[in-house]
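S.K.: Attaching a single structure in structure tokens format; questions to follow.
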Amino acid sequence: MTSNSLALKCFVEKQTEPKGRKMKHASELTIILNQNFVWSKPRIDCFVNILLAIILSKTVNLAQLPCFIASKAKQSSRYRRLQRFFEGFTIEVAVVSKLVYRLFGFDKVYLTMDRTNWKWGKCHINILMLGIVYKGIAIPILWTLLGKAGNSETAERIDIIARFINLFGEGKILGLLADREFVGAKWFKWLNQRNIPFLYSD
């Protein structure tokens, strides 16, 4: 995308959301995040802008998000601010998981397990993902970078389920949905010992 077309896209998108509504969404998000994260006000404000920009742009491409952030600063300055937000800063997965669980009002849930793998140069990015079934989709709740190519192992699957149990309790799991990649005698034995029903798809 050229700089001119990107600027036009920014202008068009800014017209689609009334200013008052954006302010209301930002205020609501700020309150929610302040209740769950012990961060400084500038960091909370930046994170709110990132979340709203992702929703409006329907992308997680960091280079495109500055278009959807209201600011008098140049687009390059807004982009640099987003980069600084993530530099040397770690967001605790457990805190985010609890926030998502509360926001959706989850209680007892069906879990999904899936894996995605792609290459970035010579590096394999292989993610084992645990989600919660919600209105026909899966909401990611926990994940593990496997650090290798290929299928997950039983120990890795057990670990991610155990992390969920530690956060929310074993009694919250109604069942686990996955495909035929996630099979194995030891794996099924572990699930049965914890009374976790397992449903798989072809």
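S.K.: Exactly one condition in (1) at pLDDT below 90; (2) in a loop (DSSP other than H, G, I, E, B); (3) of a type in the set (Phe, Trp, Tyr) is false for residue 118; which is it?
M.R.: The one condition residue 118 does not meet is (2).
S.K.: What are the residues in the range 126-164 that are of a type in the set (D, E, K, R), in contact (Cβ under 8 Å) with a residue 24 or more places away in the chain and part of a loop (DSSP other than H, G, I, E, B), if any?
M.R.: 148
Yes/no matrix, rows are residues, columns are (1) at pLDDT 90 or above; (2) closer than 30 Å to residue 162 by Cα; (3) surrounded by 12 or more Cβ atoms within 10 Å (Cβ to Cβ):
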{"residue": "9", "(1), (2), (3)": "no, no, yes"}
{"residue": "18", "(1), (2), (3)": "no, no, no"}
{"residue": "22", "(1), (2), (3)": "no, no, yes"}
{"residue": "33", "(1), (2), (3)": "no, yes, yes"}
{"residue": "39", "(1), (2), (3)": "no, yes, yes"}
{"residue": "54", "(1), (2), (3)": "yes, no, yes"}
{"residue": "92", "(1), (2), (3)": "no, yes, no"}
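S.K.: Are there any pairs, at least 6 apart or on different chains, whose C-beta atoms fall under 9 Å, with the first in the range 20-41 and in the same structural domain as residue 71 (by TED's automatic domain parsing) and closer than 20 Å to residue 71 by Cβ and the second at pLDDT 90 or above and surrounded by fewer than 11 Cβ atoms within 10 Å (Cβ to Cβ), and if so, which?
M.R.: Filtered contacts from the range 20-41: 30/41.
S.K.: Quick one: what pairs do we get from the range 56-80, first residue under 13 Å from residue 46 (Cα atoms), second in a loop (DSSP other than H, G, I, E, B), C-beta under 7 Å, 6+ apart or different chains?
M.R.: Once the first residue is under 13 Å from residue 46 (Cα atoms) and sits in the range 56-80, its partners that are in a loop (DSSP other than H, G, I, E, B) give 78/69; 78/71; 79/63.
S.K.: Taking the range 99-116 as the region of interest, how many residues are exposed (fewer than 15 other Cβ atoms within 10 Å of the Cβ) and under 19 Å from residue 182 (Cβ atoms)?
M.R.: Total meeting the criteria: 1.
S.K.: Next up: Does the range 172-186 contain at least one residue that is among the charged types (D, E, K, R) and part of a helix (DSSP H, G or I)?
M.R.: yes
S.K.: Please go through (1) among the polar types (S, T, N, Q); (2) touching a helix residue (DSSP H, G or I) at 6+ places or on another chain (Cβ under 7 Å); (3) not assigned by TED's automatic domain parsing to the domain that holds residue 44 for residue 116 and return the number of the only condition it doesn't satisfy.
M.R.: (2)
S.K.: Considering only residues that are outside the structural domain of residue 167 (by TED's automatic domain parsing), in a helix (DSSP H, G or I) and among the charged types (D, E, K, R), which ones fall in the range 76-107?
M.R.: Correct list: 78, 80, 81, 84.
S.K.: Quick check on the range 139-198: of everything there that is basic (Lys, Arg) and surrounded by 18 or more Cβ atoms within 10 Å (Cβ to Cβ), which residue is farthest from the chain's Cα centre (by Cα)?
M.R.: 157
The values are calculated or read from the model by the stated rules, or taken from the named source; none is laboratory data. This is a predicted model, so every value here is computed, not measured. No Cβ is skipped: glycine too gets one built from the backbone with ideal geometry, and neighbour counts run over all protein chains shown.
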